[in-house]
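Before anything else, here's the structure in question.
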Amino acid sequence: MARSERRFTHDASRDTAQKTLIDCHVHLAALPDGDNGCYISPKMLKSPLFRFLLWKHRLSPSNPREANRKYLDDLLTELRASHHVQQAVLLGMDGVYDQNGRLDQAHTDFLIGNDYVLKTTRAYPDEFLAGVSINPQRRDAVEEVHRCADAGASLVKVLPNAQQFNPAEIRYKSFYRALADRKLPFLSHVGYEFSLVGKDQSVGDPERLHLALDEGTTVIAAHACSYGLILFEKFLPTLRDFVQRYPHFYSDISALTLPNRLKMLLHLRQYPELQERLLFGTDYPLSVFHLAAWGRVSLGTLRDIIRTKNRFDRQVSVCRGLGLGFRSLGDIVR
């Protein structure tokens, strides 16, 4: 489907109970099956995250094709059962690249190829949108932007901490200009990275996103710019500054119910001027916790939140129960 034909379905004027939201932060997990272009290092396969994922979805690494099919089936079942979320942006994960722009598999722990993302979203156009991943360090980064845009991608996702690049490097100007020209939002991880191995946590500082913003790229800072270390939210001033300075800056609310990020969730309730720039996201397949709602919502609302098992709907219920406003990706990208 051509990019101009992409259907973003959220209408803020509709009743909030209607199924109109787009989740802009859903991970496409896959085991390498020989031809899907994916890779997982032996170290990553032994990590707590992947062990949890395999257990949670009852996936067998000995049968990767079946495991990949089951992960997708589980995601589709939960998405289709949601009362609020109609579509999800499936996120890929690019690898690490050396100084010559070549893939450095020895330092890559996890790779979900763009072709696999695009193929999956084409198979389910009513449910999925393509969130490709392009490390600007790769030598064909600009060409890959245009290729993916032509193929119908909806945004580009990066995780600098694990992909080992500094978003502020001036040599990436042409990459950001290409994103701006193709109107592809740049979704970048912010804060500490625990799920994957973060080699340099300093590149998760949202201040590193100035260059992309100055080049006109629509930037979505993940996790509402939360720091990810439980008690200290050092990036809140940056979030407030960016909202005031850049009309094309947004932040998603993915993972904010996790214990290490919920302090930012509580802070955001005090800044209604920021909520117009918040976009709905979950960080699926991670869990959605109701801890932040305890003592802050009515008992009836808390009971409803606890009884809500669908992760998409629980994210909506927790955030709305706390009075946190947010928008949908479809409101900013047409």
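Six or more apart or on different chains, Cβ atoms under 8 Å: show the pairs whose first residue is in the range 58-78 and under 16 Å from Asn310 (Cα atoms) and whose second is assigned to a helix (DSSP H, G or I).
Sorted first by the residue in the range 58-78, then by its partner, the pairs are Leu72/Thr120; Glu78/Arg311; Glu78/Phe312.
Scan the range 29-67 residue by residue and report those that are outside any loop (DSSP other than H, G, I, E, B), closer than 20 Å to Leu103 by Cβ and either out of contact with any strand residue (DSSP E or B) (no Cβ under 9 Å at 6 or more places or on another chain) or among the basic types (Lys, Arg) (or both).
Pro42, Lys43, Leu45
Continuing with the same structure: Taking the range 252-288 as the search range and keeping residues that are touching a residue at least 40 places away in the same chain (Cβ under 8 Å) and among the polar types (S, T, N, Q), which one is nearest to Val26 (Cα to Cα)?
Here the answer is Thr282.
Sort through Leu53, Leu49, Leu31, Leu72 and tell me the only one that's modelled with pLDDT of 95 or more and either in contact with a Pro (Cβ under 7 Å, 6 or more places away or on another chain) or closer than 25 Å to Val156 by Cβ (or both).
Matching residue, one of Leu53, Leu49, Leu31, Leu72: Leu72.
Taking the range 207-241 only, how many residues are crowded, with 24+ Cβ neighbours inside 10 Å and assigned to a helix (DSSP H, G or I)?
Adding up the residues that qualify gives 7.
Within the group Gln137, Gln163, which residue is closer than 30 Å to Asn68 by Cβ, crowded, with 24+ Cβ neighbours inside 10 Å, out of contact with any Ser or Thr (no Cβ under 9 Å at 6 or more places or on another chain) and polar (S, T, N, Q)?
After ruling out the rest, the residue left standing is Gln137.
Here is a check on your reading of the model: is Arg80 surrounded by fewer than 16 Cβ atoms within 10 Å (Cβ to Cβ) and assigned to a loop (DSSP other than H, G, I, E, B)?
no
Among Tyr116, Tyr176, which is the only one that is at pLDDT 95 or above, under 30 Å from His84 (Cβ atoms) and in a helix (DSSP H, G or I)?
Only one candidate qualifies: Tyr116.
Among the listed residues Asp313, Asp304, which satisfies the condition of being closer than 25 Å to Gln18 by Cβ, touching a helix residue (DSSP H, G or I) at 6+ places or on another chain (Cβ under 7 Å), outside any loop (DSSP other than H, G, I, E, B) and not hydroxyl-bearing (Ser, Thr, Tyr)?
Unique residue meeting the criteria: Asp304.
The values are calculated or read from the model by the stated rules, or taken from the named source; none is laboratory data. Computed from a predicted model, the values in this text were never measured in an experiment. Because the Cβ atoms are built from the backbone with ideal geometry, glycine has one as well, and the counts that use them run over all protein chains shown.
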